[in-house]
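The structure appears below as structure tokens.
The numbers here are math on the coordinates, done by the rules we state, and not lab data. Everything numeric in this text was worked out from a predicted model, so none of it was measured. We place every Cβ from the backbone using ideal geometry, glycine too, and count neighbours over all the protein chains shown.
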Amino acid sequence: MFARRAQGLLLICLGISLIGCTNSGLDFVQVSPTTQSAAVGQTAQFTAIGTYGNASHSSKQDITSTVSWASTAPSVATVNASGLVTAVGSGTTTITATATGFRGPVSSSATFTVTGSSSTGGASGGTLLSLTVIPSSITVGNLQDTGQFLAIGTFSTSPFVRDLTNSPSLTWISASPSVFPVNNTTQGTQGATAGVVTAYGSGSGVIAAEGTSSDGTIQTATATFNCPLVLPTPTNPGSCYPGSQAPALLATLTVYNEGLNTTNWLVTAPSATGTPNVIHCGPGSSPPTYPAGSVCVATYPVGTTVTLTAPASGAAFGGWSYNCAQQGVVTAAGPNSCTVVLTTNDTVGAIFN
């Protein structure tokens with residue numbers, strides 16, 4: 001009698017082994033740690049631990065790379081397939097890991113808080129290793145024309161690439177201040193005009209940026225600003241010549257990828273009339289039919305408001321330069337975006353980590 005009952009139980013377990021008689025079913029998942037915080041541009045790692053089997057014979061496994069990760073607010077932070085979170089903008093988001101469990105979907109969440117702003121010099125820490133000014137040269141065609149330079153620093157700790165253009169730790173210097181004066185930061189926030197040079201005469205001048213590191217060392221980088229003199233003729237008013245100023249009708253927007261990610265980044269922007277993607281560069285397009293260079297250039301009528309976008313996830317987007325105002329409303333599946341009003345030629349930096 002006992003043997004027959006045991007045999008029956010064995011047959012039942014064989015028949016329903018897929019739903020509980022073995023130790024192979026995922027019961028629940030736990031995200032660890034439950035809370036983390038970081039400054040804009042920094043990253044943090046979450047892990048997912050799965051519990052398998054029944055209460056008597058349970059086991060735990062690291063399933064970080066097999067769960068599906070999601071962020072409720074990609075404008076605050078994005079998360080990749082390995083649980084690595086990148087801080088994008090100030091705020092709080094929920095990071096969730098979801099998997100197919102023994103009795104259906106199971107999930108667990110954690111809270112991620114982003115503080116500070118790397119685009120205004122708020123991110124700190126680490127040693128400033130090098131400094132780059134972009135673009136390396138700007139040429140204008142009229143007196144009182146302006147050009148925007150950006151200063152990008154590389155640091156020893158994350159975030160490794162930061163926009164220092166408008167940082168109080170950076171000083172802009174013009175070799176010809178009476179001819180090509182350069183603005184320095186006055187408020188440390190978006191809307192300031194640090195790095196902007198104005199042509200009050202003709203010729204060529206060197207513009208330098210000096211960044212002071214936390215250990216007191218100084219890194220420098222230079223660029224050139226040009227306003228070439230062309231003398232007037234009976235049919236040509238000349239350029240960079242007194243009395244030859246003509247109101248500019250077009251402005252050029254140049255976007256640089258200054259981050260360390262060169263494999264799947266992407267920046268797009270429509271034309272002045274709304275035609276999609278007059279700016280569309282980076283290897284992140286699918287299929288990759290657009291230029292994959294690190295510089296995007298487009299010309300717009302003066303006064304045009306241009307919206308630039310970057311992927312909300314997958315490309316490790318770390319932020320825009322300070323002169324590109326990031327938008328606060330971003331849908332879960334939408335891109336990170338910013339706006340630029342082109343009153344003159346402008347330069348924007350995008351950082352992909």
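At full extension, THR157 and ILE49 could sit 36.1 nm farther apart than now, given 0.36 nm per residue minus the alpha carbon distance.
Shown is the FRET efficiency for SER32 and LEU229, computed with R0 = 56 Å from the Cβ-Cβ distance and rounded to the nearest 0.05: 0.30.
Here the label points at SER214 and THR263, each 7 Å from Cα along the C-beta direction, are separated by 2.8 nm in the simple model.
With the simple model of a label 7 Å out from the Cα in the direction of the Cβ, VAL341 to SER169 spans 3.2 nm.
For a Förster distance of 51 Å, can you work out the FRET efficiency between the beta-carbons of THR94 and GLN144, rounded to the nearest 0.05? E(calc), rounded to 0.05, equals 0.55. Modelled spin-label separation between ASN80 and SER65, with each label point placed 7 Å from Cα along the Cα-to-Cβ direction: 1.3 nm.
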